[in-house]
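The structure appears below as structure tokens.
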């Protein structure tokens, strides 16, 4: 199974992890790493790499970052390039729920498409639907 690491500024990543697990229950090979303003970038990169290593059982790692171009995303891109992992930006709760419900037995390419699709589909002007 592909491992997943959620990355974000401040407490976004652990909050998303907790919210996702509140909805779908505890998940294996899923973790979160926070980027705080006062952290050394080398230390942060090491923390992200260690988190990826912990959830990678051979099928790879999908990084889910909060903001394209932000430090968490850019750090994931550097690590992903070295390890042939993947990075999807714009992580949100619908994306996490969809991944949790469908990731068993899914390869990296398919899982990446699920993440992108669910993330986009989860953004709506719901007032127009009422």
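Each value in this text was obtained by applying a stated rule to the coordinates, not by laboratory testing. Predicted model, so just to flag it, every value in this text is computed and none were measured. We place every Cβ from the backbone using ideal geometry, glycine too, and count neighbours over all the protein chains shown.
Listed values, structure above:
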quantity	calculated
Label-to-label distance, nm, for residues given as residue 102 and residue 81 (7 Å Cα→Cβ offset)	3.0 nm
Rounded to 10°, Cα long-axis angle of helix 108-121 versus longest principal axis of the chain	50 degrees
Cα long-axis angle, helix 93-102 against the chain (0 to 90 degrees, to the nearest 10)	90 degrees
Computed [θ] at 222 nm, helices only, for the chain once each DSSP H run of length n ≥ 4 contributes -39500 (n - 2.57)	-16000 deg cm²/dmol
Relative contact order [Cα under 8 Å, 6+ residues apart], segment 27-130, whole percent	22 percent
Nearest-0.05 FRET efficiency for residue 18 and residue 40, computed from C-beta distance (R0 22 Å)	0.30
Taking segment 1-64 and dividing mean pair separation by its residue count, relative contact order in percent (alpha carbons under 8 Å, at least six apart)	54 percent
Inter-probe distance in nm under a simple model that places probes 7 Å from Cα toward Cβ, at residue 47 and residue 68	2.6 nm
Angle in degrees between helix 71-83 and the longest Cα principal axis of the chain, rounded to the nearest 10	70 degrees
Option label - log10 I(q)/I(0) by the Debye sum over Cα atoms at q = 0.17 Å⁻¹ computed here, alternatives (i) -1.00; (ii) -1.08; (iii) -0.81	(iii)
